[in-house]
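Participant: Before anything else, here's the structure in question.
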Amino acid sequence: MSASKTRVLAVANQKGGVAKTTTVASLGAALAELGHRVLLVDLDPQACLTFSLGIDPEDLELSVHHVLTKGLDATEVIVATDDGVDLLPATIELARAEADLLTRTGREHVVKMALEDLEYDWVLLDCPPSLGVLTVAALTAAQGVLIPLQCETLSHRGVGQLLDTVHDVRRFTNRKLEVWGVLPTLYDGRTNHARAVLENISETYQLDVIEPPIPKSIRFAEAPAAGRSILGTSRSHRGADAYRAVAAGLTKRSR
Ligand code: ADP
Ligand code: MG
């Protein structure tokens, strides 16, 4: 498959704790189960994705910041994981890379450049909890953006700001960027409130809501300690199955 067939999806929301990283790890594992070749990219200096896939950032000599700021080839940094996906890992040095990039010409394009010529069916980008240069670079490299959202009061206040950023990216660096939708996470279906918040968001912002919602479950918090996503630790679990269903839906998007 040629590199141009690769689907690049940014998972973004400047709010922390909405399950961006969990979504990237779980969707990645689900797509791999379906036979797709998957690369996950950790773009958060906290390196939670890297850590949750069983890799200790402290053991890494090379990481994504060498690719983004020093021109190293991504293939020299990518590692395989037990979840059947490849990972372009991060370390805390990415925080410095973010500062370095601020004064660089072409900084919005560094992620896109890093992904050129890689042979994957899917690349999922785990964005940091900010709308800074790394998120903008991720949106510039992506065809689609998925917005995980915790359905609680006011948790959606930042969505407008994120959509403003998407709009700017479309104007200046990536005309084809599409919002694929909002993914309800940490969802407690027992409350009418959660459903009401969701409806309000899709109406206010005219966004698609991706089904099914991801249920709230303690299993999600346990998986990273095992160095696997929930699909690896709990083969049949409603949380894992929800991500499998979302992944199957993503593969049906025409492109
Ligand atoms: P983000 O990347 O947006 O900051 P994380 O993916 O790190 O969010 O998730 C934040 C916390 O919520 C983590 O402790 C994670 O294990 C937990 N979590 C994620 N999804 C769920 C879920 N569906 N149910 C319960 N806990 C979850
Ligand atoms: Mg995260």
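The values are calculated or read from the model by the stated rules, or taken from the named source; none is laboratory data. Not measured: the values here are computed from a predicted model. Note that each Cβ is placed from the backbone with ideal geometry, even for glycine, and that neighbours are counted across all protein chains shown.
Participant: Within region 198-237, count every residue that is among the basic types (K, R), surrounded by 14 or more Cβ atoms within 10 Å (Cβ to Cβ) and under 18 Å from G84 (Cα atoms).
Facilitator: Counting residues in region 198-237 that are among the basic types (K, R), surrounded by 14 or more Cβ atoms within 10 Å (Cβ to Cβ) and under 18 Å from G84 (Cα atoms) gives 1.
Participant: Pick from D100, D83: which is touching a helix residue (DSSP H, G or I) at 6+ places or on another chain (Cβ under 7 Å), touching a residue at least 12 places away in the same chain (Cβ under 8 Å), crowded, with 22+ Cβ neighbours inside 10 Å and of a type in the set (D, E, K, R)?
Facilitator: Result of the check over D100, D83: D83.
Participant: While we're here: Check off (1) modelled with pLDDT under 95; (2) over 25 Å from A245 (Cα atoms); (3) more than 16 Å from ligand 2 (Cβ to nearest atom) for P57 and give me the number that stays unchecked.
Facilitator: That leaves (3) as the condition not met.
Participant: Any residue in region 19-30 that is more than 8 Å from ligand 2 (Cβ to nearest atom) sitting within a Cβ distance under 7 Å of a residue that is in a helix (DSSP H, G or I) and of a type in the set (K, R)? List the pairs, counting only those 6 or more apart or interchain.
Facilitator: If the second residue must be in a helix (DSSP H, G or I) and of a type in the set (K, R), the pairs left are A30/R244.
Participant: Do we find that P213 is over 30 Å from K112 (Cβ atoms), in contact with a Phe, Trp or Tyr (Cβ under 9 Å, 6 or more places away or on another chain) and in contact (Cβ under 8 Å) with a residue 60 or more places away in the chain in this structure?
Facilitator: It is true that P213 is over 30 Å from K112 (Cβ atoms), in contact with a Phe, Trp or Tyr (Cβ under 9 Å, 6 or more places away or on another chain) and in contact (Cβ under 8 Å) with a residue 60 or more places away in the chain.
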